[in-house]
1. Could you tell me how many of the residues in segment 64-89 are among the aliphatic types (A, V, I, L, M) and not in a helix (DSSP H, G or I)?
2. Quick check on residue 108: is it free of Cβ contacts under 8 Å to residues at least 40 places away in the same chain, in a strand (DSSP E or B) and either surrounded by 17 or more Cβ atoms within 10 Å (Cβ to Cβ) or under 16 Å from the mean Cα position of the chain (by Cα) (or both)?
3. Condition test on residue 41, is it part of a strand (DSSP E or B) and touching a residue at least 12 places away in the same chain (Cβ under 8 Å)?
4. Given 47, 59, 131, 39, which one is under 20 Å from residue 147 (Cα atoms), surrounded by 15 or more Cβ atoms within 10 Å (Cβ to Cβ) and modelled with pLDDT under 95?
5. Kindly establish whether residue 82 is closer than 29 Å to residue 41 by Cβ and exposed (fewer than 12 other Cβ atoms within 10 Å of the Cβ).
6. Could you figure out which of (1) over 25 Å from residue 10 (Cβ atoms); (2) more than 18 Å from the chain's Cα centre (by Cα) isn't true of residue 116?
7. If you go through segment 118-139 one residue at a time, how many are in a loop (DSSP other than H, G, I, E, B) and either in contact with a helix residue (DSSP H, G or I) (Cβ under 7 Å, 6 or more places away or on another chain) or at negative phi (or both)?
8. Out of everything in segment 85-105 that is of a type in the set (Gly, Ala, Ser) and closer than 23 Å to residue 52 by Cβ, what residue ends up being surrounded by the fewest Cβ atoms within 10 Å (Cβ to Cβ)?
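The values are calculated or read from the model by the stated rules, or taken from the named source; none is laboratory data. These numbers were taken from a predicted model, which means no experiment stands behind them. Backbone-built Cβ (ideal geometry, glycine too); neighbour counts: all protein chains shown.
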Amino acid sequence: MSFQANPPTHEDIVRTLIGAWRLVSWSETKKDGSTDYPLGQHAIGQLIYSADGHVAAQLARKETEPLRKDDWRAASPSESAEAWKNYFGYFGTFSIDTARHAVIHHVEGAWFPNLEHTDQVRVFKFEGDKLVLDADTAWGKVRIVWERAPDRSAGI
């Protein structure tokens, strides 16, 4: 998945991105230099880039406590608040900016409403079988590392 001597073309990048990715880590380096793991050091997640230009990202704290009732609409305010803080996700479309070596997620819908109708710029690099996405935010630098998810097509 690493590119040889020549810079990758737009088509090379898209071809490499397409598919499913599994979360390895999500960390934030804050402006004071400290590191935070928003969903814990063992978070789980999936990032999917489709060949027709769609993207979906889902990240969650691993092994969260279930709600008291099976109907999420019946959750207490405190249960809802806790569940909301244990998940992060959005969907939309994506484009590539080869000059900036960035993938831009054009967010259509999100768990966090402030992301809707925004362009989330992620500087990317491929390291072996991993995809590293970096972003500058108001609170610091975010790094999300993904690895190619196993091909499950034989079992469907």
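1. 2
2. So residue 108 passes the test.
3. So residue 41 fails the test.
4. 39
5. No, not satisfied.
6. (2)
7. 4
8. Of everything passing the filter in segment 85-105, 95 is surrounded by the fewest Cβ atoms within 10 Å (Cβ to Cβ).
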